[in-house]
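Colleague: I am attaching a structure below and will ask some questions about it afterwards.
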Amino acid sequence: MNRKKQHAPLKYFQVKNNILQIGDQSLTRLISTIGRTPFYAYDRNVITEKVTHLRKLLPDGIKLHYAMKANPMPEIVQHMAGLVDGLGVASAGELEVALTTATKPYNISFAGPGKREEELSYAIRAGIIINMESEREMRTIAEIASQSGIKAKVAIRVNPDFELKLSGMKMGGRATQFGVDAERVPELLKQLDRFGLDFYGFHIFSGSQNLLSEAIIEAHNKTIDLALQLSEHAPGMIRLLNIGGGFGIPYFPGDEYLDVAPIADNLKNLLPAITNKLPDAEVVIELGRYFVGEAGIYVCQILDKKVSRGQVFLITDGGLHHHLAASGNFGQVIRKNYPVAIGNRMENTDQEVVNIVGPLCTPLDTLADKMLLPKANAGDYVVVFQSGAYGFTASPTAFLSHPNAVEVLV
Ligand SMILES: *Cc1c(COP(=O)(O)O)cnc(C)c1O
C-alpha cells in the first residue's frame, strides 16, 4: 500500500463552526480574551484525563510523579500536584515551584547532573529526596548535611547497563553525564552509612519519547532486575524505586499512540516480586511528556503571505524562539512536521500546500514544511498541536528579541 503517512488523530480537540475548540470555548474567543498572539494554551481537562486514564489501568502499588521540566508553568504544576503522588524537579527553580504545592517534601525528588551547592543546600533543608548523580555529589551532600545538622534524604540515580530500545532520546546504557554507572553503584552503597545519609533507593530512567509498549515493558523488566540486584548491596531497606518516565506521544506522520494497557499489566505482574524482596519500596513512574504534551497548543497569527518560486509561505508572529521543538531543532535528526492546523478554518476544503515560518532571520524558523492545509491569509491563526511538553521553556526565547509568548491554562 502506498498511502501517505498521516498524523495520528487528535483525540482531545473538537471543532465547531469551522473553529477549533479548547477547553469549553472557541479558539477565537480565547484569542480575544488573551488579547494577543502568540500564546500557549493548555487544557486542564486533557491533563486530568491523561492522568486518570493511566491511573485506572495501573495496579494500586504504582505511584505517579510528574516530571516538572516537561512543563513547569506554576498553574500546571499546581493542577498536577492535585492529581499525582509526587513531583520530580531538576533545579532549585523548579523546586521552589514544587514547594508552593501541597506535595509532601518526601514525595519530591531532585535529579540532574551538576547540582550547585546552593541547590543541594536548599533541597536538604526542604527535606526532599536528592537523586545523587555522582560520587562527588554524594560527598558534597554529606558535607552540607553535617554542617546543617540535617540528615539528607538521598537516592542514587543509576545509569543502567541497558538502553531503552527505539527511544527518541536515549538516557542510559552508554557513557553519559546522567547517574552513576550501574557497575559502580555497589561501591557507592558501601559508603552511604559512613557519610550519614538517609538512603531511600534508586532512580533508573532509561529514555524519553517511546511509543512502543514492548520496548517500555522490556525496559521496566530490566530496570526491576537491576534494582533488585543493586538492593542486595544497600545499607538498609529500599523505600523508593523510581523507574523513570519516557512514555511517548505521537508527533509526526506515521507515529501511533502508545498502548499503555500492556505496560500496566506488566507492572501488575512485576509488583509481587518487588514487594516480596523489597516490602517497603514505593514504586514510582515519573512522567512528563505523556501527561501534558497533548494538552497544549501553540497559537500564532499569520502576518504575511507570499509566494517564492512557486511555493507559498505563511509568515507568522510565532516561531522557533517560542517553539523550538516544532521547528525540528530540539533533538530531531530529520525534521518532520508537528500536527498543524489553521485554527479558524478547520473544515475548509479549499486547500493548498504551504510552508509556515516565523519572523526570525534563519531558515531553521519553520513550523510547517510543505503541508496541505486549508487556504489561509494574513490575520488567520496557525495552531501547532502536541505542544504541552518541552515547548515554551525548551525554546530560545531571547533569540532576536521578539515579544515573548504568553501561557494560559484553560
Ligand atoms: C525528564 C525526566 C523524566 C520524564 O521524562 P518524560 O520523557 O517527559 O516522561 C523522568 N525522570 C527524569 C530523571 C527526567 O530527567
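The values are calculated or read from the model by the stated rules, or taken from the named source; none is laboratory data. A quick note: this is a predicted structure, and the numbers were derived from the prediction, not measured. Cβ: placed from backbone, ideal geometry, glycine included. Neighbour counts: every protein chain shown.
Colleague: Of the residues that make up segment 147-162, is at least one in a helix (DSSP H, G or I) and surrounded by fewer than 18 Cβ atoms within 10 Å (Cβ to Cβ)?
Modeller: For segment 147-162, residues in a helix (DSSP H, G or I) and surrounded by fewer than 18 Cβ atoms within 10 Å (Cβ to Cβ): present.
Colleague: Considering only residues of segment 399-409 that are farther than 23 Å from Asn355 by Cβ and in contact (Cβ under 8 Å) with a residue 40 or more places away in the chain, which is surrounded by the most Cβ atoms within 10 Å (Cβ to Cβ)?
Modeller: Glu407
Colleague: Go through segment 277-299 and give me each residue that's more than 10 Å from the ligand (Cβ to nearest atom) and assigned to a helix (DSSP H, G or I).
Modeller: Lys277, Glu294, Ala295
Colleague: Would you check if there is a residue in segment 203-216 being closer than 23 Å to Glu137 by Cβ, within 13 Å of the ligand (Cβ to nearest atom) and modelled with pLDDT of 95 or more?
Modeller: Yes; the residues of segment 203-216 include at least one that is closer than 23 Å to Glu137 by Cβ, within 13 Å of the ligand (Cβ to nearest atom) and modelled with pLDDT of 95 or more.
Colleague: One residue is enough: does segment 231-241 have a residue meeting the conditions in contact (Cβ under 8 Å) with a residue 12 or more places away in the chain and part of a helix (DSSP H, G or I)?
Modeller: yes
Colleague: Could you check segment 360-403 and list, in sequence order, the residues that are farther than 21 Å from Ala341 by Cα, under 18 Å from the mean Cα position of the chain (by Cα) and either outside any loop (DSSP other than H, G, I, E, B) or β-branched (Val, Ile, Thr) (or both)?
Modeller: Result: Thr393, Ala394.
Colleague: Can you report the number of residues in segment 312-362 which are surrounded by fewer than 16 Cβ atoms within 10 Å (Cβ to Cβ) and at positive phi?
Modeller: So the count comes out to 1.
Colleague: Restricting the first residue to segment 357-372 and requiring it to be more than 13 Å from Ser327 (Cα to Cα) and free of Cβ contacts under 8 Å to residues at least 24 places away in the same chain, which pairs with a second residue that is surrounded by fewer than 16 Cβ atoms within 10 Å (Cβ to Cβ) and charged (D, E, K, R) meet a Cβ separation below 9 Å and a spacing of at least six or different chains?
Modeller: What qualifies is Leu372/Glu352.
Colleague: Applying the selection to segment 40-86, what residues are over 13 Å from the mean Cα position of the chain (by Cα), among the β-branched types (Val, Ile, Thr) and within 30 Å of Gln301 (Cβ to Cβ)?
Modeller: Val46, Thr48
Colleague: Sticking with this one: Has segment 145-153 got at least one residue that is under 30 Å from Gly236 (Cα atoms), within 12 Å of the ligand (Cβ to nearest atom) and among the hydrophobic types (A, V, I, L, M, F, W, C)?
Modeller: The answer is no; no qualifying residue exists.
Colleague: Answer with yes or no whether Thr52 is hydroxyl-bearing (Ser, Thr, Tyr) and surrounded by fewer than 20 Cβ atoms within 10 Å (Cβ to Cβ).
Modeller: So Thr52 fits the description; yes.
Colleague: Looking only at segment 376-394, count every residue that is more than 16 Å from the ligand (Cβ to nearest atom) and either under 18 Å from Gly328 (Cβ atoms) or crowded, with 16+ Cβ neighbours inside 10 Å (or both) and tell me the total.
Modeller: Selection size over segment 376-394: 7.
Colleague: Same structure, new question: Looking at (1) touching a Leu at 6+ places or on another chain (Cβ under 8 Å); (2) closer than 24 Å to Ala376 by Cα, can you tell me which one Tyr12 breaks?
Modeller: Status for Tyr12: all satisfied but (1).
Colleague: Okay, next question. Might you let me know whether segment 199-206 holds any residue that is more than 12 Å from Arg157 (Cα to Cα) and assigned to a loop (DSSP other than H, G, I, E, B)?
Modeller: Within segment 199-206, not a single residue is more than 12 Å from Arg157 (Cα to Cα) and assigned to a loop (DSSP other than H, G, I, E, B).
Colleague: Determine whether Thr33 is in contact with a Pro (Cβ under 9 Å, 6 or more places away or on another chain), of a type in the set (S, T, N, Q) and away from the ligand (no atom under 16 Å from the Cβ).
Modeller: no
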